[in-house]
Every structure is written in C-alpha cells, then in structure tokens.
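This report concerns only the one structure given below.
The values are calculated or read from the model by the stated rules, or taken from the named source; none is laboratory data. Here the structure is a predicted model, which is why all the values come from computation and not from measurement. When we count neighbours, we look across all protein chains shown, and the Cβ atoms used for this are built from the backbone with ideal geometry, even at glycine.
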Amino acid sequence: MASKIITYKNKKAYFKFEFVEKFTAGMVLLGTEIKSVREGKINFSDSYCVFRNGELWVTGVHIAEYVLGTCNNHEPKRDRKLLLNHRELIKLQKKVTEKGLTIVPVSLTINEKGLAKLDIALAKGKKMHDKREDIKTRDNKRDLDRSNKY
C-alpha cells in the first residue's frame, strides 16, 4: 500500500522573508500530533527556530489536539525538537549568530513512509519596498493570466 505525500506550506514566510539557504529536518512528534497533522490541523505561520543547548527547536507551531485522543493528548503549542546532522547544526548556528539571520519553517511534508519532514530556511527579513514589489508582480501575473484565459 503506497501512501500519498502530504505537504503544508507557510505562505506568510514567503511574503515576509527572503530565503538564503534551505534545509530539510526531521521533527520529533508524539503519536497524537502526527495523527492531527495528517488531518491538516497545523498552523505554523508565526513560528521560528531557536537553538537551545546546541539543539534546534521550533517554537510557535500549533498542532491542534487529536479529536480521538484521550487523556494522553498533546499540548498544542509545545516546542518541538528538529533533527539535523551535526555539521548542519554548526553551520546554521554560525550563520545565525554572525549575520543576524533567522531560521524559519517553510513547509511540512509527510513522506510515503509516514515521517514528518520540516523544510526550514535560513532567512533574511524583507523590507517594505520588497513586499510591495512582490505584490505588484503577483497582481500583474494574475491580470496576464486572466487576459490569456479569454
């Protein structure tokens, strides 16, 4: 039985940040959390990653409680540990401390094995004029698509 790949995107991150480099990290989840994610009950629009004791943690990810979970249900807004290679962790930590960049979750994918993989990006905040430029190009593209449709 081949299961399908499910992807959830952080649309706000694409608007607020300019991505320098992307990484894929595993995510430590509880049983009720992965079941809730499969149902699509996840929101990570205001989330970010921080280093604690040399480990990378994601904060601000809201995974709703599983409906059929009993007293063993998880806390929706808890911090979750990310799994990366030691070299990748050192590289990220250096860049974050030196250049003032931040690490932002971009998308969450559940692969065919049923494992949750979080795509994170080393990001730099966009200025207001950059955001306006993105809106302008998006509107122009939408108008062009409409005119080509008819």
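Tyr150 meets the conditions (1) at pLDDT 85 or above; (2) farther than 20 Å from Phe17 by Cβ in every case but one. The failed one is (1). Residues considered: Lys77, Lys22, Lys4, Lys81. Of these, the only one that is in a strand (DSSP E or B), out of contact with any Gly (no Cβ under 7 Å at 6 or more places or on another chain) and more than 27 Å from Asp130 (Cβ to Cβ) is Lys81. Could you tell me whether segment 98-105 includes any residue that is over 11 Å from the mean Cα position of the chain (by Cα) and surrounded by 13 or more Cβ atoms within 10 Å (Cβ to Cβ)? Yes, that holds for at least one residue. Go through segment 29-49 and give me each residue that's touching a Lys or Arg at 6+ places or on another chain (Cβ under 6 Å) and either surrounded by fewer than 13 Cβ atoms within 10 Å (Cβ to Cβ) or part of a strand (DSSP E or B) (or both). The answer is none; no residue qualifies. Taking only pairs six or more apart or across chains, which ones have beta-carbon atoms under 8 Å, a first residue in segment 10-26 that is touching a residue at least 12 places away in the same chain (Cβ under 8 Å) and surrounded by 15 or more Cβ atoms within 10 Å (Cβ to Cβ), and a second residue that is aromatic (Phe, Trp, Tyr) and not in a strand (DSSP E or B)? From segment 10-26, the pairs are Asn10/Phe44. So, Asn85, is that one at negative phi, among the polar types (S, T, N, Q) and modelled with pLDDT of 90 or more or not? Yes.
Restricted to segment 50-66, and to residues there that are farther than 18 Å from Leu108 by Cα and without any contact (Cβ under 8 Å) to a residue 24 or more places away in the chain, the residue that is surrounded by the most Cβ atoms within 10 Å (Cβ to Cβ) is Arg52.
Under the condition of being among the small types (Gly, Ala, Ser), more than 18 Å from Tyr14 (Cβ to Cβ) and assigned to a strand (DSSP E or B), the residues counted in segment 94-150 number 1.
Assess whether Glu88 counts as being closer than 22 Å to Phe19 by Cα, of a type in the set (D, E, K, R) and loosely packed, with under 13 Cβ neighbours inside 10 Å. No, not satisfied. Pairing residues of segment 120-135 that are more than 17 Å from Gly100 (Cβ to Cβ) with residues that are assigned to a helix (DSSP H, G or I), at Cβ distances under 7 Å and at least 6 apart in sequence or on separate chains, gives Lys131/Phe15; Asp134/Phe15.
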